[in-house]
1. Within 10 Å, count the other beta carbons around each residue, average over each peptide in 169-176, 63-70, and list them highest first.
2. Which far-off residues, 5 or more places away or on another chain, put their amide H under 5 Å from the one on CYS223, with H placed in the peptide plane?
3. With the contact rule set at Cα under 8 Å and sequence spacing of 6 or more, what percent relative contact order holds for the chain?
4. Helix-only estimate, please: 222 nm mean residue ellipticity of the chain, summing -39500 (n - 2.57) across DSSP H runs of length 4 or more and dividing by its residues, to the nearest 500.
5. For segment 14-94, what class follows from the C-alpha gyration tensor (a ≥ b ≥ c being the square roots of its eigenvalues): rounded when a/c is under 1.5, otherwise prolate if a/b is larger than b/c, else oblate?
6. Can you compute the label reach from ASN71? Point 7 Å from Cα along the Cβ direction, backbone N cut-off under 14 Å, restricted to segment 28-56.
7. Expressed in nm to one decimal, what extension gain is obtained for the pair ARG61 and THR13 from 0.36 nm per residue of sequence separation less their Cα-Cα distance?
8. For a test of the definition: using alpha carbon positions, the gyration tensor, and the 1.5 limit on a/c, classify the chain as rounded, prolate or oblate.
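Read the figures in this text as sums done on the coordinates, not as results from a lab. Since this is a predicted model, take the numbers as computed values, not measurements. Neighbour counts run over all protein chains shown; Cβ positions are idealised from the backbone, glycine included.
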Amino acid sequence: MDAASSAQPAPVTPMPVVVLISGSGSNLQALIDGQARGELPIRLCAVISNRAKVRGLERARAAGISCAVLNHREFPDRDAFDQALQRLIDSFAPQLVVLAGFMRILTPALVRHYQGRLLNIHPSLLPKYPGLHTHERALAAGETEHGATVHFVTEELDGGPAILQARVPVLTGDDAETLATRVLRQEHIIYPQVVQWFASGRLRLDEHGQVRLDDQLLPEPLCLDEPAAASGSDYPL
Ligand code: NHR
Ligand code: GAR
């Protein structure tokens, strides 16, 4: 056997990750499970929620991850909240910060501080439907397809460069809840995929603010269609 074939793979140091949530945390659960299955070279060092008593905090505790609650209502303004949030995040020294159903708009100063290492998942096919109530708006507009987008966060709300999208058809009889559930199942596939790319050093935001996967420019986001991606697990919402 030659040296190359007998060599062990270089040991991977798991990348420290902090996850910000506001609610159910099913996307967090997808990361916890991916990590537990050995599919994600990450260490979930902390989960931070701006709301107490949410299901996502229970999921984090059950997985033995440190939890913190930072209630935005206890701060006089957005800047004060974000300064405290930044200090808290930095105390865990993450190399990646993941927004997973986090419902507070972040200030430019905080976004700049984590430039290139801050990801969000948004429940629409961006650039369509930035902001809130995306499923209702897509239905009201008579869309035939909808989905979710993982993107790097920039100062422009839901406007940062997109990495990976999942597309789902809008079905006859869909309401916001059935559509949201179908989109969420795809979120649980695409978010761990993007985190895996980032944590294994394959994905970055370059100096021009453009996405590179394996050093190749992504002129537009990659896209998975629901059938190809449909084998995803089912997390209780
Ligand atoms: N911050 C910046 N600067 N850029 C982005 O792209 C961000 C962000 C913060 C959060 C998630 C986003 C989404 O995916 C996100 C992306 C909250 C709101 C919002 O209006 C909008 C978009 C997103 C998150 N929040 C209200 C606010 O005043 C509060 C709503 C509530 O508490 O229910 O912050 O959809
Ligand atoms: C997800 O659909 C996510 O895309 C969306 O909230 C849900 C959170 O679910 N995010 C936003 O709307 C951000 N404004 P989860 O808590 O079960 O992961």
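1. 63-70, 169-176
2. Those qualifying (amide H under 5 Å, at least 5 residues apart or on another chain) are GLN165.
3. On the way: 426 pairs, mean separation 42.0, N = 237.
Relative CO of the chain lands at 18 percent.
4. For the chain, the value works out to -9500 deg cm²/dmol.
5. oblate
6. Counting only backbone N, you get 49-54.
7. 15.0 nm
8. Judged from the Cα gyration tensor, the chain comes out rounded (a/c under 1.5).
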